[in-house]
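Here the structure is laid out as structure tokens; the discussion comes afterwards.
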Amino acid sequence: MRHINIYSTFLLLSLLILISVFGCQNKKNDVVQALSSIDFQRGELLLCGSGEFGEVSFSLSCAYSVRETFDLAVSLLHSFEYDEAEKAFVKVIDADSDCAMAYWGVAMSIYHALWRVPSPNDMEKGARVLEIAETLSKTEKEQDYLDAIGAYYKDWKNIDHKTRAVRMEQKMEEIYTKYTDDTEAAIFYALALKSTADPGDKNYTNERKAGKILESIFPNQPNHPGIAHYIIHNYDNPELAAMALTTARRYADIAPNSAHAQHMPSHIFTRLGLWKESVQSNIRSASAAQCYAESSTNEGHWTSEIHALDYLLYAYLQLGDTENATELYNYVTEIKKVWGNNASLAYPFAANPARMFLENRDWSNAATLEIPKINLKWEQYPWEKSILHFTRAIGSVHIGDLVSAEKELTILKTLRQELVQIGDDYKAKQVTIQLKASEAWIEFAKDNHEKANSLMREAAALEDSTEKHPVTPSEVLPANELLGDLLIAIGKPLEALDAYETSLKRSPNRFNGLYGAAVASKQSGNLEKARMYFEKLLKMTKNSNSSRIEINIAKKFMNGENKSI
């Protein structure tokens with residue numbers, strides 16, 4: 001009888017093992033089948049140069065054989081090389097489909113926290129990836145990470161982007177608090193704080209909190225790409241920018257083969273008016289982007305190159321370097337095919353010609369500016385289109401064509417309404433600033449100086465209450481600088497000086513800001529301050545290949561020939 005019981009127990013255990021094996025196999029088959037239905041980004045990783053993207057160690061419980069690839073994927077994710085990051089995470093999944101964190105990585109690669117709202121197709125894809133991850137075994141910490149990104153994807157069809165981003169931030173805070181020795185938790189929490197920061201918060205509450213977290217761990221991980229990167233993003237504002245200067249100069253060396261890593265330091269250089277450093281940063285970034293584009297199968301120019309060139313043109317213009325600015329502008333004008341994040345592409349293609357004509361006071365070309373013939377659906381980008389119509393309005397006023405200026409004003413009102421209807425309050429506000437500025441100059445042209453002054457001050461106050469979008473190095477024309485121009489035109493140089501100086505605090509070392517402040521100082525009788533601003537302008541533009549008449553005027557003033565200013 002005892003032998004029978006042992007035999008029965010053996011049979012039962014064998015049956016349970018077989019059931020378990022078949023169950024695991026079926027589960028494995030289900031995962032493989034589910035994965036095959038998802039359109040992952042695949043292929044060889046396009047890593048230009050030596051493929052250096054910083055040092056990360058975050059593979060958790062994935063198979064040892066895939067940890068190097070996983071850590072590379074996280075490094076790419078931290079430098080916003082999203083396409084390559086997804087491909088790297090998918091390589092991990094192909095080699096170890098039980099690695100739950102690789103699914104987290106794919107979902108994170110789809111959610112571009114500081115760039116754009118994912119498309120419905122992207123959201124559907126990310127949600128399906130996370131559904132598969134839920135069927136896998138995982139540690140408590142891995143589940144927490146999946147829950148955090150899951151908070152962004154959950155019920156995405158019914159809950160708005162902002163609310164979901166806040167939910168994710170709250171989950172990341174829980175992870176950061178729970179796992180105090182996990183630096184990745186701290187880093188991704190800092191990114192989440194930036195992603196939900198209020199652009200109207202002039203105390204920079206989230207940015208300060210995130211920056212403090214990142215600065216506390218940077219000394220122990222000086223080659224981590226995410227720490228340096230997110231410090232720059234959080235301090236990319238007029239008040240905090242100086243705190244990120246050392247980091248900005250370091251980040252490019254941490255991830256030398258990332259186009260975005262080469263570009264990001266220029267956000268700080270731009271904030272501080274360090275134009276020559278911005279030039280070098282964006283030349284390197286554009287070169288890395290071109291390398292990446294040439295390695296891909298896509299036709300045309302990649303988003304990251306165009307974004308870098310926008311900042312590069314801006315820096316050339318501030319240096320008064322008309323030769324290099326013109327050469328670059330002509331290069332961009334010849335581009336007809338582009339690929340990548342279209343929202344980031346539309347802005348520079350609208351802003352580049354606007355800057356070129358407005359900064360150089362080329363009013364005739366500004367008044368007749370045409371929408372660039374590029375493979376973009378401009379009707380999808382009302383804010384970007386508004387830049388073109390604002391440029392035409394200002395240009396038309398200066399050449400005396402008020403009929404055309406009024407038409408552009410009507411178009412701006414329509415574009416603002418489009419943004420209001422889709423609930424994009426930030427961009428609607430930016431168009432409102434353009435509207436008020438355009439109206440001010442139209443009223444000036446009609447000799448309604450008081451009304452013009454009032455409208456332009458409203459535009460300046462509105463701009464002061466918000467922040468520039470990270471896609472742009474600066475407003476196309478800062479409202480306070482434009483206010484200064486208006487006040488000079490109506491004979492109020494002392495008030496103009498105040499406007500220029502206010503503008504220079506927000507946007508230091510702008511060419512037209514320095515020149516305007518010098519002229520306003522001279523006209524208000526403050527020759528010492530005029531000399532100081534002209535001297536700054538000449539020092540900044542030294543060795544530039546310039547044809548700007550303002551430089552000649554500055555030189556004449558410094559030589560004592562100042563009667564005509």
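The values are calculated or read from the model by the stated rules, or taken from the named source; none is laboratory data. This is a predicted model, so every value here is computed, not measured. Note that each Cβ is placed from the backbone with ideal geometry, even for glycine, and that neighbours are counted across all protein chains shown.
Quick check: anything in region 322-333 at pLDDT 95 or above and buried (at least 24 other Cβ atoms within 10 Å of the Cβ)?
yes
I need the full set of residues from region 343-364 which are crowded, with 17+ Cβ neighbours inside 10 Å, among the polar types (S, T, N, Q) and part of a helix (DSSP H, G or I), in order please. Don't jump to the end; show me each part of the working.
Taking region 343-364 as the starting set, the residues that turn out to be crowded, with 17+ Cβ neighbours inside 10 Å are 343-360, 363.
From what's left, among the polar types (S, T, N, Q): 344, 352, 360.
Within region 343-364, Ser344, Asn352 meet the criteria.
Mind checking which residues of region 262-308 are among the hydroxyl-bearing types (Ser, Thr, Tyr) and within 30 Å of Lys505 (Cα to Cα)?
The initial filter retains those residues of region 262-308 that are among the hydroxyl-bearing types (Ser, Thr, Tyr), namely 266, 270, 278, 281, 285, 287, 292, 295-297, 303-304.
If the condition is that a residue be among the hydroxyl-bearing types (Ser, Thr, Tyr) and within 30 Å of Lys505 (Cα to Cα), then Ser266, Thr270, Ser278, Ser281, Ser285, Ser304 are the ones that fit.
Which one of these is farther than 30 Å from Ser547 by Cβ, surrounded by 21 or more Cβ atoms within 10 Å (Cβ to Cβ) and in contact with a strand residue (DSSP E or B) (Cβ under 9 Å, 6 or more places away or on another chain): Ala244, Ala293? Lay out the reasoning, then the answer.
On the way: Ala244 fails: in contact with a strand residue (DSSP E or B) (Cβ under 9 Å, 6 or more places away or on another chain).
Result: Ala293 is the single residue among Ala244, Ala293 that is farther than 30 Å from Ser547 by Cβ, surrounded by 21 or more Cβ atoms within 10 Å (Cβ to Cβ) and in contact with a strand residue (DSSP E or B) (Cβ under 9 Å, 6 or more places away or on another chain).
Tell me the residue from Met243, Met264 that is over 17 Å from the mean Cα position of the chain (by Cα) and touching a residue at least 24 places away in the same chain (Cβ under 8 Å), please. Don't jump to the end; show me each part of the working.
Working: Met264 fails: over 17 Å from the mean Cα position of the chain (by Cα).
It is Met243.
Give just the number: which of (1) closer than 19 Å to Glu81 by Cβ; (2) of a type in the set (Ser, Thr, Tyr); (3) touching a helix residue (DSSP H, G or I) at 6+ places or on another chain (Cβ under 9 Å) does Tyr316 not satisfy?
The single condition Tyr316 does not satisfy is (1).
Name the single residue that is nearest to Ile93 (Cα to Cα) among those in region 132-146 being part of a helix (DSSP H, G or I) and free of Cβ contacts under 8 Å to residues at least 60 places away in the same chain.
If we filter region 132-146 for residues that are part of a helix (DSSP H, G or I), which is where we start, we get 132-134, 140-146.
Restricting the remaining residues to those that are free of Cβ contacts under 8 Å to residues at least 60 places away in the same chain gives 133-134, 140, 143-146.
Details: Ala133: 11, Glu134: 14, Glu140: 20, Gln143: 17, Asp144: 19, Tyr145: 17, Leu146: 15 Å.
In this case the residue turns out to be Ala133.
Of everything in region 489-505, what is touching a helix residue (DSSP H, G or I) at 6+ places or on another chain (Cβ under 7 Å) and either over 22 Å from Pro238 (Cα atoms) or at pLDDT below 95 (or both)? Give them in sequence order. Break it down into steps so the answer makes sense when it comes.
Keep residues of region 489-505 that are touching a helix residue (DSSP H, G or I) at 6+ places or on another chain (Cβ under 7 Å), which gives 489-490, 493, 495-497, 499-504.
If the condition is that a residue be touching a helix residue (DSSP H, G or I) at 6+ places or on another chain (Cβ under 7 Å) and either over 22 Å from Pro238 (Cα atoms) or at pLDDT below 95 (or both), then Ala489, Ile490, Pro493, Glu495 are the ones that fit.
Consider Val471 against the criteria (1) closer than 30 Å to Asn203 by Cβ; (2) in contact with a helix residue (DSSP H, G or I) (Cβ under 6 Å, 6 or more places away or on another chain); (3) part of a helix (DSSP H, G or I): it satisfies all of them except one. Which criterion is unmet?
Answer for Val471: the failing condition is (3).
Of the residues that sit in region 365-406 and are crowded, with 16+ Cβ neighbours inside 10 Å and of a type in the set (Lys, Arg), which one is farthest from Asn324 (Cα to Cα)?
Once the filter is applied, the top-ranked residue is Lys385.
Looking only at residues in region 149-166 that are among the hydrophobic types (A, V, I, L, M, F, W, C) and touching a residue at least 40 places away in the same chain (Cβ under 8 Å), which one is surrounded by the fewest Cβ atoms within 10 Å (Cβ to Cβ)?
Ala165
Name, by its number, the condition in (1) more than 24 Å from Asp236 (Cα to Cα); (2) in contact (Cβ under 8 Å) with a residue 24 or more places away in the chain; (3) not small (Gly, Ala, Ser) that does not hold for Glu169.
(1)
Looking at region 506-565, what helices (runs of 4 or more DSSP H) fall wholly within it and have at least 1 residues that are without any contact (Cβ under 8 Å) to a residue 24 or more places away in the chain and acidic (Asp, Glu)?
So the answer is 527-540.
Within region 64-71, identify whether any single residue is over 17 Å from Gln41 (Cβ atoms), acidic (Asp, Glu) and over 28 Å from the mean Cα position of the chain (by Cα), and answer yes or no.
Yes, region 64-71 contains at least one residue that is over 17 Å from Gln41 (Cβ atoms), acidic (Asp, Glu) and over 28 Å from the mean Cα position of the chain (by Cα).
I'd like the full set of residues that are surrounded by fewer than 23 Cβ atoms within 10 Å (Cβ to Cβ) and among the small types (Gly, Ala, Ser), limited to region 407-444.
Listed by number, the residues that qualify are Gly423, Ala428.
Tell me, yes or no, whether region 245-253 has at least one residue that is in a loop (DSSP other than H, G, I, E, B) and either farther than 24 Å from Arg510 by Cα or not β-branched (Val, Ile, Thr) (or both). Working first, answer last.
Kept after step one, since they are in a loop (DSSP other than H, G, I, E, B), are these residues of region 245-253: none.
No: zero hits.
Of all residues in region 456-492, how many are more than 30 Å from the chain's Cα centre (by Cα) and surrounded by 19 or more Cβ atoms within 10 Å (Cβ to Cβ)?
So the count comes out to 4.
For a quick check of your reading of the model, give me the residue pairs whose first member lies in region 52-74 and is touching a residue at least 24 places away in the same chain (Cβ under 8 Å) and in a helix (DSSP H, G or I), whose second is of a type in the set (A, V, I, L, M) and surrounded by fewer than 22 Cβ atoms within 10 Å (Cβ to Cβ), with beta-carbon atoms closer than 6 Å and at least 6 apart or on different chains.
Short answer, once both residue conditions are applied: Val66/Ala95.
Quick check on my filter: what residues within region 311-322 are closer than 15 Å to Lys276 by Cβ and assigned to a helix (DSSP H, G or I)? Don't jump to the end; show me each part of the working.
Just the residues of region 311-322 that are closer than 15 Å to Lys276 by Cβ, to begin with: 311-321.
Across region 311-322, the qualifying residues are Tyr311, Leu312, Leu313, Tyr314, Ala315, Tyr316, Leu317, Gln318.
Within region 480-488, identify whether any single residue is of a type in the set (Val, Ile, Thr), modelled with pLDDT of 95 or more and farther than 24 Å from Pro238 by Cβ, and answer yes or no.
So in region 480-488, the residues of a type in the set (Val, Ile, Thr) come out as 488.
After this cut, where a residue has to be modelled with pLDDT of 95 or more as well, the list is 488.
Next, from what is left, pick out any that are farther than 24 Å from Pro238 by Cβ: none.
Scanning region 480-488 turns up no residue that is of a type in the set (Val, Ile, Thr), modelled with pLDDT of 95 or more and farther than 24 Å from Pro238 by Cβ.
Inside region 153-176, can you point out the residues that are aromatic (Phe, Trp, Tyr) and in contact with a Phe, Trp or Tyr (Cβ under 6 Å, 6 or more places away or on another chain)? Even if it seems obvious, please write down each step before you answer.
Filtering region 153-176 down to residues aromatic (Phe, Trp, Tyr) leaves 153, 156, 176.
Hit for region 153-176 is Tyr176, nothing else.
May I ask you to say which residue of Tyr111, Tyr82, Tyr103, Tyr64 is touching a helix residue (DSSP H, G or I) at 6+ places or on another chain (Cβ under 7 Å), of a type in the set (Phe, Trp, Tyr) and either surrounded by fewer than 18 Cβ atoms within 10 Å (Cβ to Cβ) or modelled with pLDDT of 95 or more (or both)?
Going through Tyr111, Tyr82, Tyr103, Tyr64 in turn, just one is touching a helix residue (DSSP H, G or I) at 6+ places or on another chain (Cβ under 7 Å), of a type in the set (Phe, Trp, Tyr) and either surrounded by fewer than 18 Cβ atoms within 10 Å (Cβ to Cβ) or modelled with pLDDT of 95 or more (or both): Tyr103.
Filter the helices (runs of 4 or more DSSP H) completely within region 147-239 down to those with at least 2 residues that are acidic (Asp, Glu).
On the way: elements: 161-178, 183-195, 205-217, 225-234.
Ranges flagged: 161-178, 205-217.
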